[in-house]
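**Q** Take a look at the following structure, please.
The values are calculated or read from the model by the stated rules, or taken from the named source; none is laboratory data. Small disclaimer: the values here were computed from a predicted structure and weren't measured. Ideal geometry is used to build each Cβ from the backbone, glycine not excepted, and the neighbour counts take in all protein chains shown.
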Amino acid sequence: MFDSINLRESIGDALQALGLQGEVRWRAAARIRALLAHSSWAPGAEVDARRKNDEMSWLHDPDVAWLIGVHEHEGERYLVKEAFEQTLWWASLRRLTELAGSREPDPEQLHALEDQLSDRFEAARRAGYRVGVLLNPPRAAQPRTPPLQDFKKV
């Protein structure tokens, strides 16, 4: 919907009026669009059971790819660590403001948000910042069924 009603242009113009120029304003507009489009994948968002195992699928979005610096090197797509972490922190802003705005912020919820961020940062590190590995993490090895000759006759 964001793109269909040309909200990007309006937000870009508003940001320019606030003093943001050039690429900075378009990055800010892309960040706003990405945060709205992928709010269910933001750290701290309520977990949708249908999307629980697909928490990195928002990486398919071209705006997100631009924001996190996706680039190709020797046939492999990588992201920029700092840009990825910054984008995740921005994605956490809604939850952070909810926690800060409550009468008695719950430290456990804040720690849970911090753990989710740390888990995603660690997943990127383990993937070597390769986008393909983040999107399709290796499955845990399944126990091998021994060949029939390995069974003892009872």
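Yes/no matrix, rows are residues, columns are (1) assigned to a loop (DSSP other than H, G, I, E, B); (2) buried (at least 18 other Cβ atoms within 10 Å of the Cβ); (3) modelled with pLDDT under 90:
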| residue | (1), (2), (3) |
| --- | --- |
| Arg77 | no, no, no |
| Ala83 | no, no, no |
| Gln86 | no, no, no |
| Trp90 | no, no, yes |
| Arg95 | no, yes, yes |
| His111 | no, no, no |
| Glu114 | no, no, no |
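**Q** May I ask you to list pairs of residues, at least six apart or on different chains, whose Cβ atoms are under 7 Å apart, with the first in region 83-102 being within 17 Å of Trp66 (Cβ to Cβ) and the second being of a type in the set (Phe, Trp, Tyr) and surrounded by 13 or more Cβ atoms within 10 Å (Cβ to Cβ)?
**A** Cβ pairs passing all conditions: Glu85/Phe121.
**Q** For Glu122, are the conditions met, namely being at pLDDT 90 or above and surrounded by fewer than 16 Cβ atoms within 10 Å (Cβ to Cβ)? Don't jump to the end; show me each part of the working.
**A** Numbers: at pLDDT 90 or above: yes; surrounded by fewer than 16 Cβ atoms within 10 Å (Cβ to Cβ): yes.
Yes.
**Q** Here is a further query. Restricting to region 116-130, name every residue that is among the small types (Gly, Ala, Ser) and either closer than 20 Å to Ile32 by Cβ or outside any helix (DSSP H, G or I) (or both). Can you show your working first?
**A** Taking region 116-130 and keeping what is among the small types (Gly, Ala, Ser), we get 118, 123-124, 127-128.
Selection gives Ala127, Gly128.
**Q** Quick one: Ile68 ticks every box in (1) in contact with a Phe, Trp or Tyr (Cβ under 7 Å, 6 or more places away or on another chain); (2) at pLDDT 85 or above; (3) surrounded by fewer than 16 Cβ atoms within 10 Å (Cβ to Cβ) except a single one, so which number is it?
**A** (3) is the only condition that Ile68 fails.
**Q** If you check every pair at least six apart or on different chains, which have Cβ atoms under 7 Å apart with a residue in region 120-138 that is at negative phi first and a residue that is surrounded by 14 or more Cβ atoms within 10 Å (Cβ to Cβ) and basic (Lys, Arg) second?
**A** Ala124/Lys81; Arg130/Arg77; Val131/Arg77; Gly132/Arg77
**Q** Quick check: anything in region 39-61 closer than 17 Å to Leu117 by Cα, surrounded by 13 or more Cβ atoms within 10 Å (Cβ to Cβ), at pLDDT 85 or above and not basic (Lys, Arg)?
**A** The answer is no; no qualifying residue exists.
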